[in-house]
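Let me begin by presenting the structure, written as structure tokens, before commenting on it.
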Amino acid sequence: MEINQHPFALWCHWNALRGTNSTFLTETEVPVPDLAGKWVIITGANNGIGSEAAKTFAEAGANVVLGCREPPAWETHPAAAAEKCKELAQAAGHESTIEWWEVNMADLSTVEEFAEKWISTGRGLDILCNNAGISPTASKKPILTTDGLELLHQVNFVSHVLLTLRLLDSLAKSAEPRVVCTTSCFHFLGRFDLEHFNGEDGMAGDPYGNNKLYFQTWLCELQRRLHSTDKYKHITINGINPGYVNTGIWNNPRPDVRESWLDLGMKILKPLSALFGITPQQGSRAIVYAATSQEFGPNPDVQGVGLLGGKGGGHYINRIWEAEAMPYCTNDAARLAVWDRVGEDLDLEKRGLSDVI
């Protein structure tokens, strides 16, 4: 397909709807292996599916770093989330290291500081979960961060690109390292609109969906590049859709959302999620499965990166089941275009990362 050729709307909406699958997943379906001695970083780990995944990792014996900002009053504080993880680890007989390291995805300087703090430990990183995110805003004008990027675009996507690239060498030190990115079934509702990549006025489609589409497309290109280098070819990266989860995202008190059409949407979705949504614990199983299952681990038979049934990662995982992603993810030109565009947003050449992979 051509980059500017959008798939049929009916196909996109059908696949987005499939992402709301509320099948209850048992521990038998999502077994968690012994993770003693493994190191895990998970962003956005103080609430929702990130918090539940962190608990699971800790209970399985992993050492966990919760990458979170200093939160607003309505969220669980990361220190409390870390303490809960410690309690679960100890109750399971583990002496795991559980820590909260501050990082604000709306400030690239803190992402750099977080990465440098990790690199300075000299440790290998086994699992990186790029999970932090925010819901759409209702502002008619882009809300820009101190880095000059649109807020949602930076928090949900660009900052995780920077974090992943900075930590590639640490991931490479591990035997079977994995990167799990929370993308979403909403990527089927995105529009491939690189002229408005940073959320400028006039963007076509849903900004949240666009953002998730770029993230899923970018990670497919990263996987292709990982496989092309001896140093990084054992690293696996996949995108996951956690499902329609009943979390605080539907109860958003941000000033730009209140008294807006988006606030009305939130009020509608909140009771619906309570009726039909899965719990955060169930949603977190998508992260855990992608991070630990044999099905989505390293595979020496590298072929068809990003393709349904292909080997070598770069997949879209709908909860725990591999699914077809938007066609852009398997389009060489589209993947390269997103790769180059986010590189411009991050000024990777100035950061010394333009040739990292």
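The values are calculated or read from the model by the stated rules, or taken from the named source; none is laboratory data. From a predicted model like this one, the values you see are computed outputs, not experimental measurements. Cβ atoms come from the backbone with ideal geometry, glycine included; neighbour counts cover every protein chain shown. Side chains included, ligands, DNA and RNA excluded: accessible areas come from the protein's heavy atoms. Shrake-Rupley method; radii C 1.70, N 1.55, O 1.52, S 1.80 Å.
Net charge in the neighbourhood of Gly243 (other residues with Cβ under 13 Å of its Cβ; Lys, Arg +1, Asp, Glu -1) is +2. Only lysine pairs 8 or more places apart or on separate chains count here, and in region 9-346 those with Cα atoms under 21 Å apart total 17. Counting only protein heavy atoms and a probe of 1.4 Å, the accessible surface of region 9-346 is 53% carbon and sulfur. With an a/c value of 1.5 or above and a/b not larger than b/c for the gyration tensor axes a ≥ b ≥ c computed over the alpha-carbon atoms, region 5-144 is described as oblate. The H on the amide N of Gly313, modeled in the peptide plane, is under 5 Å from the matching H of Gly306, each at least 5 residues off or on a different chain.
Ordering Tyr208, Tyr316 by accessible surface, largest first, gives Tyr208, Tyr316; the 1.4 Å probe counts only protein heavy atoms, with every chain in place.
The radius of gyration of the Cα set in region 9-346, together with its Dmax, comes out at 18.5, 55 angstrom.
Per residue, the solvent-accessible area of region 9-346 (1.4 Å probe, heavy atoms of protein chains only, all protein chains present) comes to 41 Å². Scoring 225-236, 324-335, 25-36 by mean Cβ neighbours within 10 Å over their residues and listing the highest first yields 324-335, 225-236, 25-36.
Quick one: work out the % antiparallel among DSSP beta bridges in region 9-346, nearest 5. Once the DSSP bridges in region 9-346 are tallied, antiparallel ones form about 15 percent. The packing ranking of peptides 153-166, 80-93, 40-53, highest mean first, is 40-53, 153-166, 80-93, where packing means the average number of other beta carbon atoms within 10 angstrom of each residue.
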